[in-house]
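Please read the structure below before turning to the comments.
The values are calculated or read from the model by the stated rules, or taken from the named source; none is laboratory data. What you see is a predicted model; the values in this text were computed from it and never measured. Neighbour counts are summed over all protein chains in view; Cβ atoms, including those assigned to glycine, are modelled from backbone coordinates with ideal geometry.
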Amino acid sequence: MRMGIRQKVIFVLVTVLLTALSVSSWMTLQEEKKGLLVEIDRRGTDISRYVSKSIAFSVVGYDYHTIQLLLDEIVQSRDVSYARVISRKGNTMAEAGDSRSLSNKDQRLVLFERDILILGDKVGRLILELDTSTTIARLEYHKQSMMKRQAIVILLIAIGEFLALSYLIIRPVRIMSRSLNNSVDDNGKIIGEIPINSNDEFGILAKQFNVLRSRLNQSNAALQSKIELADAKLMENNKQLISQSDELRKMNEELRRLSVTDSLTGLYNRRYFEDLMEKETAIAIRHGEIYSVLLADIDHFKRINDTYGHPEGDIVLKEVAKILSENLRQTDILCRIGGEEFIILTKRTGKTDAMSLSEKLRLAVQARTFKFSGEAIHLTVSIGVSTYNNDGIDHTREPIKRADKALYYCKENGRNQTAHHDNLPATFSENPDCGGRGASVHEFAPKDKGEISS
């Protein structure tokens, strides 16, 4: 069972009152009981003294009749239930009433004994038995009355406390509880106000809360404004960071592209091709695949630069790069590795297909007409080819060296031709002192020599 503040306070108060009144009543009854016992003892002493004096001469004169009449008269009262006179020799001279104290030890009976004296000389002994029932009944009556008064006092105090608690404490607490219930809106603003205007502690607490509520709302509004401003600034900074991140990513991508791209032709450069060869050779070894490398060189390119200038030479490089790109497959990779040299990686391409592709490229360049200062000129290229077919080569640069040797053979044998490394004569070996690639001759476009066969 759930107990509210009112029930708890009343329970504690009633318990304390009941305990206090019970202790007080018990102490009062003990004091009254003690006083009654003293009163009983005093009355018994007075009665026994009076009776002993009254019958002293009758005892001396052995007037049994007078003594008996007196004892019968005494036991007629409510206080004395038994009386007995004993002579000096110990004989009973007279007896009246019923001696219950000697037989059943009734606690309501008190026994008094007193010597009968005449001029200080003992002539007999008086025994009186006093009945305290009246006294005990009166004590019990006082006890019952006290309990009733105690119950009435507790009830009145409980009712008064209940009313006081209900109005002075419970009512303000309920008002405060209802005011504070759901008093905060979605924006964190405290909308509940405690409507208590009393001058007691609850009124002071309500005023302090209302002032605090107003200050908290003001602080909350200021904080919310700062948060919104900070959120807006944060969002703006976040957008800037995202923009900067995108810009940085683009710059990184551009730097990466520039690091692997030839700035003049837009083709991949030597660095990219070397990394590519390492990967493709590893894949070819793992999966048992083949590939071919085509190394192309523009014939007599130095003569073009010397005759028409380097800007026209750059135009030639761009145009040749474009011609080569237009005649390759999507899977073929074209790179410029320096000067007038271009290299092509053709994946999953054998010797026959590689030679067909190289011849196609040679003829495409030869068919193009270049005009410089109103003069029409035809250019040619020489192409050396090598094919990787898992023949035990474990160095990624070996296919390039073989293509370079085949290209050198083309240069030594008239240019404007293609040659495969495997078709070279067994007696051929590179000798840089023999003229080599790029040697200057008078003709820019020698006749087509066709493919060299072994």
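For region 23-134, give me every one of the strands (runs of 3 or more DSSP E) that falls completely inside it and has 1 or more residues that are small (Gly, Ala, Ser) and at pLDDT 85 or above. Walk me through it before giving the result.
Working: elements: 80-87, 92-97, 109-118, 121-131.
The qualifying strands (runs of 3 or more DSSP E) are 80-87, 92-97, 121-131.
Out of everything in region 331-387 that is in contact (Cβ under 8 Å) with a residue 40 or more places away in the chain, small (Gly, Ala, Ser) and in a strand (DSSP E or B), what residue ends up being nearest to Thr281 (Cα to Cα)?
Among residues in region 331-387 that are in contact (Cβ under 8 Å) with a residue 40 or more places away in the chain, small (Gly, Ala, Ser) and in a strand (DSSP E or B), the one nearest to Thr281 (Cα to Cα) is Ser386.
Across region 387-431, what is the total count of residues that are at pLDDT below 95 and hydroxyl-bearing (Ser, Thr, Tyr)?
5
Out of Ile242, Ile227, I need the residue that is more than 30 Å from Thr396 (Cα to Cα) and either exposed (fewer than 10 other Cβ atoms within 10 Å of the Cβ) or within 29 Å of the chain's Cα centre (by Cα) (or both). Which one?
Details: Ile242 fails: either exposed (fewer than 10 other Cβ atoms within 10 Å of the Cβ) or within 29 Å of the chain's Cα centre (by Cα) (or both).
The conditions single out Ile227.
What's the total number of residues in region 312-340 that are among the basic types (Lys, Arg) and more than 11 Å from Thr265 (Cα to Cα)?
Filtering region 312-340 down to residues among the basic types (Lys, Arg) leaves 318, 322, 329, 336.
From the residues that got through so far, the ones that are more than 11 Å from Thr265 (Cα to Cα) too are 329.
The qualifying residues number 1.
Given the criteria loosely packed, with under 13 Cβ neighbours inside 10 Å, part of a helix (DSSP H, G or I), of a type outside the set (A, V, I, L, M) and without any contact (Cβ under 8 Å) to a residue 40 or more places away in the chain, does Lys207 qualify? Step through it out loud before you land on a result.
Numbers: loosely packed, with under 13 Cβ neighbours inside 10 Å: no; part of a helix (DSSP H, G or I): yes; of a type outside the set (A, V, I, L, M): yes; without any contact (Cβ under 8 Å) to a residue 40 or more places away in the chain: yes.
In short, no.
With the condition kept exactly as written, say whether any residue in region 290-304 is of a type in the set (Asp, Glu), surrounded by 15 or more Cβ atoms within 10 Å (Cβ to Cβ) and within 25 Å of Met355 (Cβ to Cβ).
Step one: filter region 290-304 for residues of a type in the set (Asp, Glu), giving 297, 299.
With the extra rule that they be surrounded by 15 or more Cβ atoms within 10 Å (Cβ to Cβ), the set shrinks to 297, 299.
Retained after the next criterion (residues that are within 25 Å of Met355 (Cβ to Cβ)): 297, 299.
Within region 290-304 (the criterion being of a type in the set (Asp, Glu), surrounded by 15 or more Cβ atoms within 10 Å (Cβ to Cβ) and within 25 Å of Met355 (Cβ to Cβ)), the answer is yes, since at least one residue qualifies.
Listed here are the residues, each with its yes/no results for (1) in contact with a helix residue (DSSP H, G or I) (Cβ under 6 Å, 6 or more places away or on another chain); (2) surrounded by 15 or more Cβ atoms within 10 Å (Cβ to Cβ).
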{"position": "Tyr308", "(1), (2)": "no, yes"}
{"position": "Gly313", "(1), (2)": "yes, yes"}
{"position": "Ser325", "(1), (2)": "no, yes"}
{"position": "Leu334", "(1), (2)": "yes, yes"}
{"position": "Thr352", "(1), (2)": "no, no"}
{"position": "Met355", "(1), (2)": "no, yes"}
{"position": "Thr380", "(1), (2)": "yes, yes"}
{"position": "Arg402", "(1), (2)": "yes, yes"}
{"position": "Tyr409", "(1), (2)": "no, yes"}
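Out of everything in region 307-330 that is under 23 Å from Lys371 (Cβ atoms) and in a loop (DSSP other than H, G, I, E, B), what residue ends up being nearest to the chain's Cα centre (by Cα)? Outline the logic, then answer.
Step one: of region 307-330, the residues under 23 Å from Lys371 (Cβ atoms) are 307-327.
Keeping just the survivors that are in a loop (DSSP other than H, G, I, E, B) gives 309, 327.
Values: Gly309: 74, Asn327: 64 Å.
Taking the candidates together, the pick is Asn327.
Tell me, please, whether a residue that is part of a helix (DSSP H, G or I), in the same structural domain as Leu361 (by TED's automatic domain parsing) and in contact with a Gly (Cβ under 7 Å, 6 or more places away or on another chain) can be found in region 272-286.
no
From (1) touching a Leu at 6+ places or on another chain (Cβ under 8 Å); (2) crowded, with 19+ Cβ neighbours inside 10 Å, pick out the condition that doesn't hold for Leu276.
Answer for Leu276: the failing condition is (2).
Could you please find all residues in region 210-265 being outside any loop (DSSP other than H, G, I, E, B), among the β-branched types (Val, Ile, Thr) and modelled with pLDDT of 85 or more?
To start, the set of residues in region 210-265 that are outside any loop (DSSP other than H, G, I, E, B) comprises 210-259, 261.
Filter once more, so that each one left must be among the β-branched types (Val, Ile, Thr): 211, 227, 242, 261.
Within region 210-265, Ile227, Ile242, Thr261 qualify.
In region 274-314, how many are free of Cβ contacts under 8 Å to residues at least 40 places away in the same chain and of a type in the set (A, V, I, L, M, F, W, C)?
Counting residues in region 274-314 that are free of Cβ contacts under 8 Å to residues at least 40 places away in the same chain and of a type in the set (A, V, I, L, M, F, W, C) gives 2.
Output the residues belonging to region 261-273 that are without any contact (Cβ under 8 Å) to a residue 24 or more places away in the chain and buried (at least 17 other Cβ atoms within 10 Å of the Cβ).
First, pick out the residues of region 261-273 that are without any contact (Cβ under 8 Å) to a residue 24 or more places away in the chain: 261, 263, 271.
Across region 261-273, the qualifying residue is only Thr261.
Of the residues that make up region 165-172, is at least one at pLDDT 70 or above and either at positive phi or in contact with a Leu (Cβ under 6 Å, 6 or more places away or on another chain) (or both)?
no
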